Amino acid sequence: MTNTATVRMINARDLMNPEVLTVDAKMTVRELASFLLDNQISGAPVAAEDGALVGVVSFADIAASASRDAGVATDQRNPGFYLKDLQETYSEEDFRSFHIEEPDRRVEEIMTPTVYSVDVEDPVATVASMMLDGHLHRLLVTEEGQPVGIVSTSDLLGLLIDEG
């Protein structure tokens, strides 16, 4: 007897966390660091005053900014390349000890001014490929152009555990 049941593909909606925490573009880097630590996240989308999403920011951006302040050379075309494993390398205590040279620097000055997103119906393979190809740790999930969730590398890894 053949099983004719249809197998539904896993899509972005199945993986996403529907709670999207955003940060204000005018927030200081010091406030950003506290926000990320308090919410136990490594990055977040950035919203302008009108609520429009204008970029993303992470601990890697804070570290890249601090590195530039300290005179450490990075590849300006892709500074994240040198910091891509930063979030896995340092503990929360390490991040708390980072010294921010210019505490009044704003998120809009250090953020990546691009919002990477996938549609809620995009299959998990599309989500994973986009994250791998772009060296991205998180993607916004949209429905009809509006943000409805976020998918992180942890969400993808959780899928492997659930399937295993």
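The alpha-carbon positions of the range 107-164 define a convex hull whose volume is 97 Å³ per residue. Each label point was placed 7 Å from the Cα along the Cα-to-Cβ direction; for Glu121 and Ser34 their separation is 4.4 nm.
Taken together, the values in this text are just the output of simple stated rules run on the coordinates, not laboratory data. Just so it is clear, the structure is predicted and the values come from calculations on it, not from any experiment. Glycine also receives a Cβ, built like all others from the backbone with ideal geometry; neighbour counts cover every protein chain displayed.
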